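Computed from the coordinates by the stated procedures, all read-outs in this text should not be read as laboratory data. None of the values given here were measured: they were computed from a predicted structure. Note: ideal-geometry Cβ built from the backbone for every residue, glycine included; neighbour counts use all protein chains shown.
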Amino acid sequence: MRLLRLPLSALLSLLLMLGISVQAQSPTYGIGRTPTTDEIRAWDISISPSGEELPPGRGSVGEGSQLYLEKACAGCHGTTGTGGLAPRLVKLENVSPDAGPWALGRVLPIRAPYATAVWDFINRGMPLYQEGTLTPDEVYALTAYLLFLNDVVEEGTVLDEQSLPLVQMPNRETWAPLPDWWTPGMPRLRGYPW
Amino acid sequence: MSSKQSNRRKFLKRSAALAGGLGLGAATKSATGQLQEPEAYIQGTDELVAYGKRSRFVTSERIAHGGRASPDTFGLDFHIASPIQDSMGVITPSSLHYMGTTRGSFVPDIDPEKHRLMIHGMVDRPLIFTMAELKRLPSVTRTHFIECAGNRSNSRHTTVQETHGMTSCAEWTGVLLSTLLNEAGVQDGGNWIVAEGVEEVKGASSIPMSKAMDDIMICYGMNGEAVRPQQGFPLRLLAPGFEGILSVKWLRRIKVVDEFYMTYNDYGHLHQDADGAAMGMQIGPKSVITYPSGGQQLPGRGYYELTGLAWSGGGAVSRVEVSTDGGRNWKDAEIRGTAHRMAHTRFSFEWNWDGEPCELQSRCTDELGSVQASRAEIIEYWTQRGQPARVKGQDNSIQPWRIDRDGSVHNAIA
């Protein structure tokens, strides 16, 4: 009851202080151990659009074209990146230039807004049955080759951890992030009757 | 003497006569001998004592969904739909829970003793937990549905398993992610998490921190037992009410980050416009009649308890209505049991079929006041705004079932 007699401003600052002490978040339970820096580095395979997690390495379009055959990519995706059992890797043909990047198909190395997403997926998910066996150089080379097949980069391109995040993907500005106004637990869309 | 006592006395007299008759000749069968006998008796085995099995007469099964085989040519499981036409109550048995994977996956066979969960990134204290450590932390048990964004009905589908089978509901047990994130101490600017599994493709999704701190669970329990391998054993992230791909299975890592990371999963669910993106996380109010539903056969006119499931990513189901005349008139259905937040909710409706052709529909309203719309209403809304004539975002439109004069039930999507 004594709390209620405090001036509102005092009450607010008290709540604020409590809030800050919660935010400072000292661990409540003390369960779990601290991973080592090496463990974090080994586990952390997420590549952000900025590319900050990219490991050092380099690979060219030419090397990628060789690896595409050597690593049996062609066996599932087709020798030209299309016509195999696995998803196609080259954009749809005969699409009007005015149609925009979404018309080029659901093809990772053309629709992905960032080249880092292509690198990340090859690194974590390919080749089938042998995921995680490619070296960083090989992943840079294969990424360069697939981007070349989709006319995103020139034939002489060499990609490394510096240049990969700078590649301008055609869909870079033509996708929509989650709007800032939306938070969980509100209706899905403002003004939408349903 | 009341009529009940009188009937009882008549019954006793008749029984005595039967018993007397028994003594007269061996040709007369006993009372129980005149009842239908079971087909056989199930031999008790150590295996059945240890772990029970359903009746061989119950044949409800999951099916591959969306025109791609599971397992496919490569042996990968992709999308598998639950037989919700046979569902009772709101809990999906774990072995019939729908399944979806990134790209198609092999189900990893994980030793829980060796499994670890790491939380790192923009946190004050990166942490690694064993399964035993996670189970020491305060737990919650909640009933939630999970639904795949690909759970879209179309005119080629014939049964409710095809139109709506990519949703299921279970009782989940685990630790709130907010508990773990508070242990690690989220830093300023940590606006997203990337959650990642250990399967061979290491499926990962970006999830807003607002959701992570709200109600996301890190689950080790499902329907009273450990989470099944197809559902993420030993650990699954559950994002209640959000599209299924965000409920990352075989969870081993959560990285707190500053932005949407554009993982392969994120790329696969990318939107072209802000409206689509806003509708691409939380599932709208939705319902479907499971009996009678497509492919079923009514034996004839008369009384039926019409029943179905309703759910919403926006919270609890607050109302379900049913129309038996193709959406012209609506009446309230009865909600059976408790309508939990972001959970399948069973509804029923007393119905007398007059034997005439008709069209059944159901409509869900959730606690936010959002109402399930018909396909026509949604398409009109978007075409008026110059958008393509389709249901944008996750499809929560009303499912119509047509009943023909012969009692056969059909998908009525034009």
For region B:212-218, what does the Karplus curve 6.51 cos²θ - 1.76 cosθ + 1.60, with θ = phi - 60°, yield as ³J(HN,Hα) per residue in whole Hz, taken in order and with x for Gly and Pro?
4, 7, 7, 9, 5, 10, 9
Please compute the contact order of region B:105-270 in relative form: average sequence separation of alpha-carbon pairs under 8 Å and at least six residues apart, divided by the residue count, as a percent.
29 percent
Residues listed by number, region B:159-174, amide nitrogen under 14 Å from B:Glu225 label point at 7 Å toward C-beta
B:171
PRE reach from B:Thr158 (point 7 Å along Cα→Cβ): which of region B:371-409 fall under 14 Å by backbone N?
B:408-409
What residue among B:Gly150, B:Gly189, B:Gly66 has the largest mean-square fluctuation in a Gaussian network model of chain B, using Cα springs under 10 Å?
B:Gly189
Rounded to two decimals, the Rg over Rh value of chain A from Cα coordinates and the Kirkwood Rh reads 1.18
Packing-based exposure ordering (other Cβ within 10 Å, fewest first) of B:Leu309, B:Leu298
B:Leu298, B:Leu309
Computed label-point distance, nm, for sites A:Leu85 and B:Asp354 using a 7 Å Cα→Cβ extension:
5.6 nm
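Given region B:105-270, what count of lysine pairs have C-alpha atoms under 16 Å apart, with each pair 8 or more places apart or on different chains?
Working: B:Lys114/B:Lys135; B:Lys202/B:Lys249; B:Lys202/B:Lys255; B:Lys211/B:Lys255.
Lysine pairs meeting both conditions in region B:105-270 amount to 4.
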Do any chymotrypsin sites (Phe, Trp or Tyr not before Pro) in region A:148-187 lie in a loop, going by DSSP, with at most 15 other beta-carbon atoms within 10 Å of their beta carbon, and if so which?
A:Trp181
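For region B:156-227, go through all pairs of different Cα atoms, get the mean of 1/r, take its inverse, and jot down that Kirkwood value in Å. Walk me through the intermediate numbers first.
On the way: mean 1/r = 0.0674 Å⁻¹.
One decimal place: 14.8 Å for the Kirkwood radius.
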Rounded to one decimal in nm, the spacing of the 7 Å Cα→Cβ label points at B:Ser55 and A:Asp180 is 6.1 nm
Among A:Ser48, A:Ser26, A:Ser65, which one shows the biggest mean-square fluctuation in a GNM of chain A, springs joining Cα atoms closer than 10 Å?
A:Ser26
Where does the protein assembly as shown land at 222 nm, in deg cm²/dmol rounded to the nearest 500, when only DSSP H runs of n ≥ 4 count, each adding -39500 (n - 2.57), divided by all residues?
-6500 deg cm²/dmol
How large is ³J(HN,Hα) for each residue in region B:281-294, as worked out from phi by the Karplus curve 6.51 cos²θ - 1.76 cosθ + 1.60 (θ = phi - 60°), to whole Hz, x for Gly and Pro?
10, 8, 7, x, x, 8, 7, 8, 7, 9, 9, x, 9, x
Largest first and rounded to whole Å, the semi-axes √(5λ) derived from the alpha carbon gyration tensor of region B:210-301 read 31, 22, 12
Inter-part gap, Cα centre of region A:153-188 to Cα centre of region B:87-121, in whole angstrom, is 29 Å
dims of region B:294-383, Cα set, principal axes, largest to smallest, nearest Å -> 39, 38, 23
Name the residue, out of B:His344, B:His97, B:His157, whose mean-square fluctuation peaks in a Gaussian network model built on chain B with Cα pairs under 10 Å.
B:His157
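How much net charge surrounds A:Lys91 when only the other residues with a Cβ under 12 Å from the Cβ of A:Lys91 are counted, with Lys and Arg +1 and Asp and Glu -1? Could the numbers behind the result be given before it?
Numbers: positive: A:Arg88, A:Arg106, A:Arg111; negative: A:Glu93, A:Asp151.
Overall, the nearby charge balance is +1.
Within 10 Å of each candidate Cβ there may be at most 10 other Cβ atoms; applying that plus a DSSP loop requirement, which GluC sites (Glu not before Pro) in region B:317-409 survive? Each step should come with its number before you reach the end.
Working: sites: B:Glu321, B:Glu334, B:Glu350, B:Glu359, B:Glu367, B:Glu377, B:Glu380; in loops: B:Glu367.
Qualifying residues, ordered by number: none.
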May I ask you to evaluate 6.51 cos²θ - 1.76 cosθ + 1.60, the Karplus curve with θ = phi - 60°, for each residue of region B:60-76 and list the ³J(HN,Hα) values in order in whole Hz, giving x for glycine and proline?
4, 9, 7, 9, 5, 10, x, x, 10, 5, 9, x, 8, 4, 8, x, 8
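What is chain A's relative contact order, in percent, from Cα pairs under 8 angstrom and six or more apart in sequence?
Numbers: 230 pairs, mean separation 49.0, N = 194.
Relative contact order of chain A: 25 percent.
What number comes out for the charge environment of A:Asn171, summing +1 per Lys or Arg and -1 per Asp or Glu over other residues with Cβ under 12 Å away? Display every interim value, and only then the final one.
Details: positive: A:Lys91, A:Arg106, A:Arg111, A:Arg172; negative: A:Glu173.
So the surrounding residues net to +3.
Using a 10 Å Cβ count of at most 16 others and DSSP loop calls, identify the longest part of chain B lacking such trypsin sites (Lys or Arg not before Pro). Don't jump to the answer; show the numbers that get you there.
Values: sites that count: B:Lys29, B:Lys53, B:Arg54, B:Arg56, B:Arg68, B:Lys114, B:Arg156, B:Arg301, B:Arg328, B:Arg385, B:Arg390, B:Arg405.
Segment B:157-300 is the longest.
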So the FRET efficiency between B:Glu259 and B:Gln297, C-beta based with R0 = 41 Å and rounded to 0.05, is 0.15
Kindly provide the trypsin sites (Lys or Arg not before Pro) of region A:94-194 that DSSP labels as loop, not H, G, I, E or B, and whose Cβ sees at most 14 other Cβ atoms within 10 Å.
A:Arg106, A:Arg172, A:Arg190
Quick one: if you stick a label point 7 Å off each Cα along the C-beta vector at B:Leu48 and B:Tyr304, how many nm between them?
3.5 nm
Counting pairs of alpha carbon atoms under 8 Å apart in space and at least six apart in sequence, what relative contact order in percent does region B:286-411 give?
32 percent
Can you tell me the 0 to 90 degree angle between the C-alpha axis of helix A:136-149 and the longest principal axis of chain A, rounded to 10?
70 degrees
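Can you quote the Å³ per residue value for the convex hull of the Cα atoms in the protein assembly as shown, rounded to an integer? Walk me through the intermediate numbers first.
Details: hull volume 158.3 nm³, N = 608.
So the per-residue hull volume is 260 Å³.
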